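Let me begin by presenting the structure, written as structure tokens, before commenting on it.
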Amino acid sequence: MDASSPQLVLHNYFRSSSAYRVRIALGLKGLPFDYVSVHLNRNGGEQFQPDFSGRNPQQLVPVLSDGEFDVSQSLAIIEYLDEAHPGAPLMPATAQARARVRQLSLAMACDIHPLNNLRVLKYLTGPMGLDEGAKNAWISHWHSIGLAALEAELVRDPQRGRYCVGDAPTMADCCLVPQLFAARRFGMEMAPFPALLAIEAACLELPAFEQAHPGRQPDSE
Ligand SMILES: N[C@@H](CCC(=O)N[C@@H](CS)C(=O)NCC(=O)O)C(=O)O
């Protein structure tokens, strides 16, 4: 980023998988940013406070501010960063490789993560009346089928390389590492997913992934 570029600000929460994706992307692209914590559990949930709701009526982190411009949705943020700052691209060169990156990213961001999001789990144990055991069965069920499908997809994919697609990290890897972090936090058994674990290990050798880890963030508990 050159000296005249506005400072990037990431409104985020250390344990949020979606925010973790964007922190990885910022790190891979070498873009400095200010960290603004939006604590999802304190003060009744800071995502519901007017100053944050004003930025994102969805009341979900992350939001990236680039000067006066606010954008939410982690995949939109990552593609915005990639287009605005083309160095260290997170999308590959060919249409087919980009399609695969989006396919894998969306599988995680749309079909695994939302089912286990905080507000969904709260609704299950609140208005729906589920106990902790039923909630955990729900989490385990959706993680199991989601991760098994990803594993099968990657095992058969000739575009897979050291990373999800090819031999350079992409948006799909920005999604994979946080998704596996969340799966472990929810107590999932990871042995059935060796291809995912191999890619995760390759990612974790890169400083950007290490620096984005929830345990390294200022609001980490
Ligand atoms: N599709 C959105 C998901 C954003 C999202 O669900 N964020 C979660 C944290 S990972 C959140 O803010 N949850 C607050 C809540 O559930 O109240 C994205 O990719 O950015």
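Exactly one residue out of ARG98, ARG156 is surrounded by fewer than 14 Cβ atoms within 10 Å (Cβ to Cβ) and more than 23 Å from GLN59 (Cα to Cα): that is ARG156. Every listed requirement among (1) exposed (fewer than 13 other Cβ atoms within 10 Å of the Cβ); (2) on the phi > 0 side of the Ramachandran plot; (3) in contact with a Lys or Arg (Cβ under 9 Å, 6 or more places away or on another chain) is met by SER220 save one, (2). Scanning segment 95-113 for residues that are within 14 Å of the ligand (Cβ to nearest atom) and in contact with a Phe, Trp or Tyr (Cβ under 8 Å, 6 or more places away or on another chain) turns up at least one hit.
For segment 77-90, residues that are within 18 Å of the chain's Cα centre (by Cα) and either over 13 Å from PRO169 (Cα atoms) or surrounded by 19 or more Cβ atoms within 10 Å (Cβ to Cβ) (or both) total 7.
None of the figures in this text is laboratory data; all of them are computed from the coordinates on show. Remember, it's a predicted structure, so these values are computed and weren't measured experimentally. Here Cβ is always computed from backbone atoms with ideal geometry, including for glycine, and neighbour counts include all displayed protein chains.
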